[in-house]
Amino acid sequence: MTMKRTSSTKNSIKKKPKILNTEDTIDYTKSLTSEDIETVESGFKELDIAENIGKIKTNKKKIPAIEKTEQNSEKGNKSFKKIKGKPKSTNDDKPTEKPNWKEFKKEKQELRLKRKTQKCPFYEAVMKAKKLWETVRRDDCPKEKREALMNELFKFSISHLETMVFSHDTARIVQWMLKLGTPEIRSQVINELIKHVPKMLLSKYACLCVKNMLKKGDAEQRKIIINSLKGKIYAFTLHTNSAKIMDLIYTTYATQEQQNMMMHELYGASSILCDSPNVLSFTEVLKNSPNTKDIILAKTKDHIKKFVLKQKTSMQTTLVHTLIYEYILYTGGKDCDELFTSLKEFPIEIFYTSKSGCHLAMYIIWSANSKEKKSILKQIKTTASTRDLATSEHGYLILLALFDSVDDTVLVKKTIIPEILKNIDTIVTDEYGRRVIFSLVAWRDTSYFHPRDIELLKKGESIKECKKDDNVRVKELLNTVSDHFLQHIQENPNFWLSNGSIAMVLLAILKSGSGDKLKEAMTSVANYLIDPNNKVEDKDVKVPVYEHSGLHMVLRKIIGHDKILVKNNETTFSEILSSIITDDTLQLWIQCNRACFLLIAMIESDVQSAVERIKSSISTTMLNLLMKQKFSGAKVLVTKLNPEASIKN
């Protein structure tokens, strides 16, 4: 009977889960013994435990597995399969306890802190240094307190500087010690780190500390830093982190001798030349080393190829620009087709950061075909860099090279000219921007251009691929901008007569203009000139426009240009000015030295109508007043006048 009951118990256990999911009310436990009931209840308790474990989704800790004996019993009993969904709860079930997240987070933080402490032996010192740094770097920190805290910060950090400079957060502390520390602290920090400079240059964060060391160190410390790089210039210039620092050293801190040493290594000639501080250029290096010329050329070309591959770092440095430019100068552009092809893929903006880079960009433009020039122009338009190029110390040369070599003037009109017209005030105010305007309205005129610039631009004549004649291209560009410039003069005479430098651009525009627009612009200038209320600053003193030294010179040149306008049957400035000048204006002018010279210039012009108006406007009273003046302008004006014909009765 016991065996039968046992078999019936197994069958009942197999069917029990199905009965739980139905509404049947048959009680099968009546046929079971007390031992069987205990077996069944223990099975259900195990099932509840397994299901309750599945409910705890938020607890991330691993829950220990059920013992093997229990697992084996579950495998042998199919009734203990997991039921999907939320199980039915009974009154005996206890709610699952939620984990204590505060304790959990605290344990994690303690573990993290423990790991950091094990990893960094001086972690506590660094934490104290950080707290001090947060106070020191604030603007509202008093000077006395800052000095005291800086001394304390230095004590915490001095023994760990070598390691601190290579970490992001602690490198900032070192930079602030160099920035705000006393001269003694700065000197000690630099002396502690100076032997590690080659290693620091390769680090993303430590290289910034080297930059501050160069800035805050003295001449002797800079010399030690630069000399420690000897033999590694090429490698550091090629490296992503150190390339910009090497460029800073070359352009700002290196002496002429150190610059030569750096360039010799890039030439690949340092081992050949040994110490030759007087060698200045690549051409002279090759001239002084005829036996090793081919080796140096091969090494230099190999270095250039590797630099070209580093588009975002090395190719933006003056060092590399100078290297490539000198190589092209020596070869005359021959056997450089492959190099030019690679360089044309670079954005033109990366070259105008240095003088040699701009010269290199000019060679790239000259060697480009019409399609490549079109691509360069569109790129400049897309990046809106026309204004930046025009106002750059050397970047304006790139625009001048484009004006000289692009046959498609319509494309120039669509890409470059609109940006120039849009930013005309900024460009004309800038020393280098004015040369861009001069190139458009007074092409290679020695009155406005330095002979060095003209000579440089002439180098492209033998390289550039152009079908149009220079005069045709220059005239087309002038016709594009002339009316716009004259319109701006008509509307803003005060801007163009604000100082002598801007007035020189005014002179060039008026001399290149013609037609009604020229007449309207000159009329606007003349009206602004005779108004006594319009004054400009000259040597910290407000004076009338005609008494300003620079503006006076420009006005006399504008009047002197009337001789050419008369030949071209154009309206002259003297004619316009003499027609609007009043007796009151003349009364003021004859009492001013420079104003008298303007009247003399109009009399000396070949504009007969202007001469007659001025002479006929001077009355006896004015002439007597003029003769009483002692300055040279009045004396010369009296001699120019014919009293018998000019004095009014």
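The values are calculated or read from the model by the stated rules, or taken from the named source; none is laboratory data. Here the structure is a predicted model, which means the values were calculated and not measured. Note that we place each Cβ from the backbone using ideal geometry, even for glycine, and neighbour counts take in every protein chain shown. Surface areas here come from the heavy atoms of the whole protein model, side chains and all, with no ligands, DNA or RNA. Shrake-Rupley method; radii C 1.70, N 1.55, O 1.52, S 1.80 Å.
Things worth noting here:
- For the pair residue 534 and residue 455, label points projected 7 Å from Cα toward Cβ lie 4.0 nm apart.
- Chain lengthening between residue 494 and residue 306 when straightened (0.36 nm per residue, less Cα-Cα): 62.3 nm
- The length gained on full extension between residue 612 and residue 128, counted as 0.36 nm times the residue separation minus their Cα-Cα distance, comes to 165.3 nm.
- Heavy-atom accessible area ranking, 1.4 Å probe, most first, across 133, 443: 443, 133
- In nm, spacing of pseudo-spin labels at residue 184 and residue 465 (7 Å Cα→C-beta vector): 6.9 nm
- Amide proton proximity set for residue 536, modelled H, under 5 Å, gap of 5+: 543, 545
- Relative contact order [Cα under 8 Å, 6+ residues apart], segment 536-649, whole percent: 24 percent
- Exceeding the 25 Å Cα-Cα cut-off - candidates 371/459; 378/467; 563/630; 464/517; 128/223; 475/517: 563/630; 464/517; 128/223
- Among the protein heavy atoms, those of residue 156 account for about 60 Å² of accessible surface (1.4 Å probe, every chain in place).
- Integer Hz, Karplus 6.51/-1.76/1.60 couplings in order for segment 323-334, x for Gly and Pro: 4, 5, 5, 5, 5, 5, 4, 5, 7, x, x, 7
- With the simple model of a label 7 Å out from the Cα in the direction of the Cβ, residue 144 to residue 411 spans 7.0 nm.
- Applying 1/(1 + (r/R0)^6) with r as the Cβ-Cβ distance of residue 541 and residue 587 and R0 = 25 angstrom yields a FRET efficiency of 0.65.
- Between the alpha-carbon centres of segment 486-506 and segment 313-360 there is a gap of 37 Å.
- The calculated FRET efficiency for residue 109 paired with residue 379, based on their beta-carbon distance and R0 = 56 Å, is about 0.60.
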